[in-house]
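Report on the following structure.
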Amino acid sequence: MPRKIDPLNKKLYGSVTAMLTVTDVKAAAAFYQKAFGFAKRGIMNGPDGKAVHAELTLRGTTLMLGPEMPQMGSRGAKTIGASPTSLYLLTENVDKAVANAVKLGATPKGALMFWGDRCGTVVDPEGYTWMVATHIAEPTPKEMQQKMKEQMASQQKARAASGS
């Protein structure tokens, strides 16, 4: 009797899996492993030996990587010049993770915090935005509202001071 196949493939994937289009699958996979601690599940090469698909995992989450294919309308954030989405990554030590990502080629983009997570934002070498965070508090909705007001006022002061 044939083995029953799980149509949702729950053994390997969650409900939603991010799939990023990148200029260099192997380089991107190496960056995500070194910068954010992903483990390599596998990299598949095409007939020409170039990587055509990679799968990385981190604490039960899968991240897929695929190469740009302009003929099929598939271009990465770096080629487009911006990332239309951000990836939110929880980590044990945001400061260490952000510093490591920057050391490996990411660009720091700023930080914000008012909902209980200490955050740092970086743009990876492929142009994708990662908001890296460590959960440090569990504020009430009222406390979050107050912190958000304080942060916005602080940002307005900084903009006024810089003349922008």
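Structure values in brief
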quantity	calculated
Fraction of the pair-distance distribution of the chain above 20 Å, Cα-Cα pairs, percent	61
Accessible surface, the chain, averaged per residue in Å² (probe 1.4 Å)	66
Sequence ranges 41-54, 61-74, ranked by mean other-Cβ count within 10 angstrom, highest first	61-74, 41-54
Candidates per GluC sites (Glu not before Pro) in the stretch 90-151, loop by DSSP, up to 11 other Cβ within 10 Å	Glu92
Distance violations [Cα-Cα > 27 Å] among Lys34/Lys147; Lys34/Lys78; Lys103/Lys142; Lys11/Lys103	Lys34/Lys147; Lys103/Lys142; Lys11/Lys103
Sulfur and carbon atoms: percent of accessible area, the stretch 32-96 [1.4 Å]	54
Shape category assigned to the stretch 99-164 from the gyration tensor of Cα positions, a/c cut at 1.5	oblate
Shape of the stretch 1-71, Cα gyration tensor, a/c cut at 1.5	oblate
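The values are calculated or read from the model by the stated rules, or taken from the named source; none is laboratory data. None of these values were measured; they are calculated from a predicted model. Every residue, glycine among them, receives a Cβ derived from its backbone with ideal geometry; neighbour counts consider all protein chains shown. Heavy atoms of the whole protein, side chains included, go into the accessibility calculation; ligands, DNA and RNA do not. Shrake-Rupley method; radii C 1.70, N 1.55, O 1.52, S 1.80 Å.
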